[in-house]
1. Using helices alone, I'd like the mean residue ellipticity at 222 nm for the chain: each DSSP H run of four-plus residues gives -39500 (n - 2.57), total over residue count, nearest 500.
2. Go through T161, A54, G131 and say which Cα lies farthest out towards the positive end of the charge dipole of the range 48-200; charges sit on Cβ, +1 for Lys and Arg, -1 for Asp and Glu.
3. Assuming 0.36 nm per residue, please report the length gained on full extension of the stretch A213 to R100 beyond their Cα-Cα distance.
4. Total Lys pairs in the chain closer than 16 Å by alpha-carbon, pairs eight or more apart in sequence or interchain only?
5. Cα axis of helix 5-24 to longest principal axis of the chain: angle in degrees, 0 to 90, nearest 10?
6. Quick check: the angle from helix 575-603's long axis to the longest principal axis of the chain, C-alpha only, nearest 10 degrees?
7. Which order do the peptides 562-570, 180-188, 44-52 come out in when sorted by mean C-beta neighbours inside 10 angstrom, highest first?
8. Provide the per-residue ³J(HN,Hα) series for the range 347-354, in order, calculated from phi with Karplus coefficients 6.51, -1.76, 1.60 and θ = phi - 60°, each as a whole number of Hz, with x at glycine and proline positions.
Amino acid sequence: MQLTPLDYALIIGFFTLVLIIGISVSRKSGKNTTEYFLSGRSMPWWLLGFSMVATTFSTDTPNLVTDIVRTNGVSGNWVWWAFLLTGLLTVFVYAKLWRRSGVATDMEFYDLRYGGRPAHFLRGFRALYLGVVFNIMAMSAVTLAAIKIGQVMLGLTPVETVLLGGVVTVIFSAVGGFRGVVYTDFLLFFVAIAGAVGAAIYLVNLPEVGGVAQLLAHENVAGKLSILPDFSDTEALMGILVIPLAVQWWSAWYPGAEPGGGGYIAQRMLAARDENHAIGATFFFNIMHYALRPWPWILVALASLVVFPDVASIQEAFPNVEEGKLGQDLAYSAMLTKLPPGLLGIVLASLGAAYMSTISTHLNWGSSYVVNDFYRQQVRPGASERELVNVGRITTVVLMVLSAILALFLTNALQLFDIILMFGAGTGLIFILRWFWWRINAWSEISAMFASGIISLLFGFTDLGATLFGGGAVEGLLPAWSKFPLVVGITTLVWVGVTFATPAETQETLSRFYRKIQPGGPGWRKVVGLAREAGEPVDRAGKWTVPSGILAMVLGCLLVYGCMFATGNWIYGNYGLALGLTLGVGVAAWLLRRIWSQIKGEIL
């Protein structure tokens with residue numbers, strides 16, 4: 001594959017523009033940590049919404065979707081489609097609570113909700129655990145995808161790809177801060193979408209594919225098209241659909257889809273102008289992320305089954321690719337080599353945009369944890385704002401280097417997806433309930449965090465656990481789909497037991513939290529009652545918005561899943577079903593608008 005001068009001009013021009021944006025906002029971003037990590041809490045909903053979408057559109061995302069479709073068919077995507085439920089719960093219940101909290105990071109929440117040394121430990125430990133360890137794992141998966149693209153499309157070695165992509169990204173991330181990230185995300189979004197859609201249209205119409213009709217009728221593709229798994233296959237039905245929808249969405253912690261909100265999604269909610277802007281940003285993100293964006297990747301993945309039916313055919317076409325990097329996910333990059341000049345440059349620029357957007361967000365988010373929740377709290381409480389910003393910039397560089405090194409040793413992104421999912425199993429329920437149940441304390445979260453990881457390792461539910469403990473204690477005794485709910489069940493029993501075995505947070509701590517957040521509901525009745533008896537009422541007697549928020553969540557799910565199914569059926573040519581789904585989406589949107597107006601009125 002040869003790049004033309006036009007391709008090079010598009011790619012170089014794009015990267016130059018991104019650097020200019022980062023440098024131009026560096027002075028304002030470097031004023032203090034609030035500017036560097038939250039852009040002064042002044043961002044509008046639409047800009048934050050585009051940023052969320054761009055951030056979750058990474059180089060590893062189309063590779064992951066391709067791996068899933070080629071292995072389990074289109075229905076295999078329910079493993080991440082199920083996270084829409086927690087996404088919309090965040091939109092209509094938790095977004096306003098996060099913005100109301102006024103914290104700088106979601107780790108700071110621990111010192112607001114809990115008290116004493118356990119809360120202090122939890123804040124510092126999770127800051128390093130998530131901001132460094134898990135963050136590096138997530139970034140390494142993204143960098144691995146960039147390495148595969150570089151090998152297949154440009155003939156670059158892994159080290160060359162890491163250096164080219166990492167240097168530009170780390171420069172504009174370090175100097176531009178969060179403001180630079182959000183501004184460039186707006187540009188990156190349109191470049192990335194244009195590249196994905198353009199590639200899908202061209203590749204589906206390749207002579208060897210023959211257009212949508214021939215693609216859907218091809219013997220390699222016909223059995224992969226269903227949006228729902230085969231209901232007669234119990235193993236697939238449970239693992240692909242039932243467990244994700246019944247258990248996974250509320251019980252697992254995963255970056256970008258944390259139950260109750262968290263991570264870089266929380267960072268954007270905290271940077272919003274007000275509570276309504278936080279809600280608008282997260283809702284816009286969920287519509288784009290789940291309903292519309294996956295289909296260009298799915299179409300390319302299906303087309304790849306015609307052109308490259310198995311891994312052996314990919315290896316034959318690209319003999320220079322390292323054996324350790326071969327996998328089903330490589331088919332996406334392999335298909336992109338067939339693009340014509342001009343479109344190829346746009347697509348490569350879009351993949352660069354996807355890479356930079358995700359990595360820059362993770363770098364800024366991770367460094368915010370290190371600075372606000374570890375360095376300032378544990379190392380230098382009296383550090384100046386200039387010193388903290390400089391520590392943030394140094395941390396940005398270190399995180400980039402460590403993630404790049406780890407990426408050189410990985411094979412495919414699905415490895416880390418499974419590991420992160422299993423290590424967070426069972427912790428999600430705490431993140432949902434801690435806002436609305438006074439009895440949860442810091443020890444609840446500490447026990448859940450450690451129990452989830454230890455159980456996953458002991459039972460061999462991850463590659464590391466299988467290596468250390470010979471395949472796990474329950475290998476062969478239980479079906480594969482039962483692993484996740486088993487970890488969730490045991491972890492939940494552990495943290496609930498620990499909750500009642502340890503003292504509750506003090507009335508002072510609980511009253512302070514309630515007075516600021518106003519979560520409402522029966523779970524705080526005791527705390528509110530004790531405060532009234534003491535002559536210090538904490539409840540402003542506002543209406544509890546959670547019931548209407550849950551109704552909005554249900555309607556939102558019907559709307560977004562309806563959009564997703566309708567889009568798929570329009571593409572498949574099932575016009576009657578597609579029309580019915582489209583009409584259903586319209587009804588759900590009308591009902592949701594009415595509920596949304598009520599929620600906004602309750603907030604105001």
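Read-outs: derived from the displayed coordinates by stated rules, not from any lab. All values derive from a computational prediction rather than experimental measurement. Using ideal geometry, Cβ is built from the backbone for each residue, glycine included, and neighbour counts are taken over all protein chains shown.
1. -20500 deg cm²/dmol
2. Of the listed residues, the answer is G131.
3. Between A213 and R100, full extension yields an extra 35.6 nm.
4. 7
5. Approximately 10 degrees, to the nearest 10.
6. 30
7. 180-188, 44-52, 562-570
8. Along the range 347-354, the couplings run 5, 5, 5, 5, 5, x, 4, 4 Hz.
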